[in-house]
Amino acid sequence: MGWIILIVGLLLLGGIIDFIAKKRNMKIDPEEGAKNASDSERIYVETYMHNTKQNHDNIPFL
């Protein structure tokens, strides 16, 4: 029962945040954040994503 309340609460929180962002006319653009990242941050993120993809491919379905 507690899990259901937690999930519903998180969904409601996400809906409220989306509503506020739309009301304030906020544009969320991932490309804008990528422009402001340093080279080391980009390398770190790309390495992390590559390693995550490699690890995910090696995990068998249970």
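Below are the figures for this structure:
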| item | result |
| --- | --- |
| Cross-link partners of Lys35 among lysines (Cα-Cα below 24 Å; sequence separation of 8 or more within a chain) | Lys22, Lys27, Lys53 |
| Mean residue ellipticity (222 nm) of the chain, computed from DSSP H runs ≥ 4 via -39,500 (n - 2.57), nearest 500 | -25500 deg cm²/dmol |
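Quick note: the coordinates plus some simple rules give every number you see, no bench work behind them. Only a predicted model underlies this, so the values are computations on that prediction, with no experimental measurement involved.
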